[in-house]
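Taking it in order: structure first as structure tokens, then the write-up.
None of the figures in this text is laboratory data; all of them are computed from the coordinates on show. In this text, all values refer to a predicted model and were calculated from it rather than measured experimentally. Virtual Cβ from ideal backbone geometry, glycine too; neighbours counted across all protein chains shown.
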Amino acid sequence: MTVFIIRRLLQAMLVVFMMSVIVFFGVNIVGDPVYMLVSPDADQADIEAAISRLGLDRPILEQYWLFLKGAAQGDLGDSFIFGEPALKLILHHMPATMELAFSALMLAIVIGIPLGLYAGLYPDSRVSKGIMAASIFGFSLPTFWVGLMLIMLFAVELRWVPATGRGDLGSFLGIESSIFTSDGLSHIFLPALNLALLKISLAIRLTRAGVREAMGQDYVKYARAKGLSTRRIILVHVMKNIMIPVVTVMGLEFGSLIGFSVVTETIFAWPGMGKLLIDAILQLDRPVVVAYLMIIVLFFVLINLIIDILYSILDPRVRLQDQGA
Amino acid sequence: MSDTTANPALSADKPAKVETPFQRFRAEFFESKIATVALAIFVIIVLLAVLAPWITPQNPYDLGQVSVMDGRLPPGSEAFDGYTMWLGSDGAGRDLYSAILYGLRISLTVGLASGVIALLIGMAIGLVAAYAGGRIEAIIMRIVDLQLSFPASLVALMMVAALGKGVDKIILALVIAQWAYYARTVRATALVERSKEYVEAAQCLGISRFRIVFRHILPNCMAPLIVVGTVQTASAISLEATLSFLGVGLPQTEPSIGVLIANGFEYMLSGRYWISVFPGLALLLTVVSINLVGDHLRDVLNPRLKK
């Protein structure tokens, strides 16, 4: 077990290192950020001063070495645009993204599971067919397009909720979030729904498959024979059995929600990490781009590491297979 | 398809006509009305895109044919040059119908090119993994698993952040984001095929490894590859549009559908919906029709679902 965890840890570190090489060299050969930063009428001396201030006159290998040294100490460089540490900038934007991703996950569970339950119980009804068709659309419609439509319908035509921004923040148990104020809630509704659509479809499909399988099982027949009401069989016995896999998968999707939030945040001008990344790419703010990508890589590698370890505890075959290879 | 109904005499002569696999596949595919309609829509979209220069009233990127006087006209307005702009015009005075068809050319080219390249690369890597086995396979599959643990959209976004804008760079980013899906599919199928008797027979006949892999195993892996290919191509088109919409994909000089939607976004809040909505509908029709065809192909090509 220890050997397995150490192997996986080493692999994870190798991945993070390789990504740092790809990301750093990739980002640093694109465009010339100096021209974005100095005023158009700057003379040659100004430009050279800016270059040396940003450390761009050094050989790229030396720049990478400095980056690695800094990264090991938790310093991912200073933003060219804001002059603040990139890491601080990202951590500052992180709560907004987390809040959005979390709200989307909740929406997916609250909307997706009941719909999936219905579609699983009455697979031949028209409503169920409608739900399944809608879930196909949920999978294939591009997120940004749905976001545009949501803005057009709810914010421009009906004027129910505002189209952009985060709204007032409320504080609860020391956590600041928009979900604690009514203004904040009205701001988060559209972006969270937009981000959740794909996961709602996923929840519908998982729940439906689970219900259809569970309904044929012996324990359901037995509960019927015992004379339990259908309502009790479904809500207590069936739900208990299908909730575990569904909620697990949905939880694992949290990482991809954070990845996808780049699109949603840009459309709804939500001040999270994703919008920060897009702004940084457009302004050639290299340290912020590199820092964001490194944090996301770290995040995903960690999630996968935890899943791998959990699986290996639950299913020893995974561990043996890995050692055999 | 309508051979038998059109020529009853012919079919009566040969009652035991043997169907080729392709005929059977064709008949099964067209059994589904939805898939048939979806395929028809996709073919029409491709035709419109290919024929764009001959069937649009203007070349939206020839400055001599675009007039700023026509800017932001609602659908159905008459343009300065006399033709009707059925879908309205965008901020720069381009006829949206023309702009959409020209945009589809770029979107489809990028989507198909990246799909085909990713398929070829993924296929080669997957075959090598399946046939080499041992350490090589373990290493390749670890890389594939690793990459698949990141969402494709995130990988593509990372790549454009690192590579920059431009058609070639977007295609490269999409290929990097998608090759692993093909590699996994090919390897899984090839592993099953490799243990079948016909491979053993070929080995006994002394046929070279290379020939066995490419002439005997590969053709039997094509069915799942085609299914994955259609779905992945749709997602490549949609990804490119997303990246371009975010401003990190194609530049303004290569106005794909995503760029058109992004341009219209600023007018959306002022109620000029058509500049974003019509290109969006075109994208939607393209992506959904490919997905529906792919979905049905999966049913038709999967032998396990056969009655």
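Each of A:129, B:169 was scored by other Cβ atoms within 10 Å of its Cβ. Arranged with the fewest first, they read A:129, B:169. Taking the square roots of 5 times each eigenvalue of the Cα gyration tensor of the range B:222-273, largest first, gives ellipsoid semi-axes of 29, 12, 7 Å. In this rough spin-label picture, where each label sits 7 Å from Cα along the Cβ direction, the residue B:285-residue B:168 distance is 3.4 nm.
Each Cα pair under 8 Å and six or more residues apart adds its separation to the average, and for chain A the resulting relative contact order is 27 percent. Around the amide H of residue B:87, modelled in the peptide plane, lie the amide H atoms of B:76, B:96, B:97, all under 5 Å away and 5 or more residues distant in sequence or on another chain.
Less than 5 angstrom separates the built amide H of residue A:78 from those of A:86, all sequence-distant by 5 or more or on a different chain. Under the definition of Cα pairs under 8 Å and six or more residues apart, what whole-number percent is the relative contact order of the range B:248-307? Averaging sequence separation for qualifying contacts and normalising by length gives 22 percent for the range B:248-307. Going from the fewest other Cβ atoms within 10 Å to the most, the residues B:32, B:244 appear in the order B:32, B:244.
Spin-label model, residue B:27/residue A:129: points 7 Å from Cα along the beta carbon direction are separated by 2.6 nm. Pairs spanning more than 28 Å between alpha-carbon atoms, out of A:221/B:33; A:199/B:165; A:69/B:169; A:199/A:240; A:275/B:169; A:129/A:221: A:221/B:33; A:199/B:165; A:69/B:169. When a/c is below 1.5 the answer is rounded, else prolate if a/b is larger than b/c, else oblate, so apply that to the range B:92-135 with a ≥ b ≥ c taken from the square roots of the Cα gyration tensor eigenvalues. Prolate. Counting every other Cβ atom within 10 Å of each residue's Cβ, B:270, A:186 order from fewest to most as B:270, A:186.
Less than 15 Å from a label point 7 Å out along the Cα-to-Cβ axis of residue A:122: which backbone N atoms in the range A:217-249 qualify, by residue? In the range A:217-249, the label zone of residue A:122 (backbone N under 15 Å from the point 7 Å along Cα→Cβ) covers A:231. Over all pairs of different C-alpha atoms in the range A:50-117, the reciprocal of the mean inverse distance, the Kirkwood hydrodynamic radius, equals 15.2 Å. Using a Gaussian network model on chain A with a 10 Å cutoff between Cα atoms, which of A:50, A:225, A:108 fluctuates the most? Comparing A:50, A:225, A:108 in the GNM, the peak value goes to A:225.
Place +1 on the Cβ of every Lys and Arg and -1 on the Cβ of every Asp and Glu in the range A:4-118, take the dipole about the Cα centre, and give the residue among A:111, A:17, A:51 whose Cα lies farthest towards its positive end. The Cα lying farthest towards the positive end belongs to A:111. Rounded to the nearest Hz, the phi-derived 3J(HN,Hα) couplings of the range B:41-54 under the Karplus curve 6.51 cos²θ - 1.76 cosθ + 1.60 (θ = phi - 60°) are 4, 5, 4, 4, 4, 5, 4, 4, 5, 5, 8, 2, x, 9, where x marks glycine and proline. Ellipsoid fit via the Cα gyration tensor, the range B:97-240: semi-axes of 33, 17, 11 Å, each the root of five times an eigenvalue, largest first.
If you average the alpha carbon positions of the range B:223-299 and of the range A:180-249, how far apart do those two centres end up, in angstrom? Their Cα centres are 31 Å away from one another.
The P(r) of chain A has a tail past 38 Å containing 32 percent of all C-alpha pairs. Taking the empirical scaling 2.2 N^0.38 Å for compact globular proteins as reference, the protein assembly as shown has a Cα radius of gyration ratio of 1.07.
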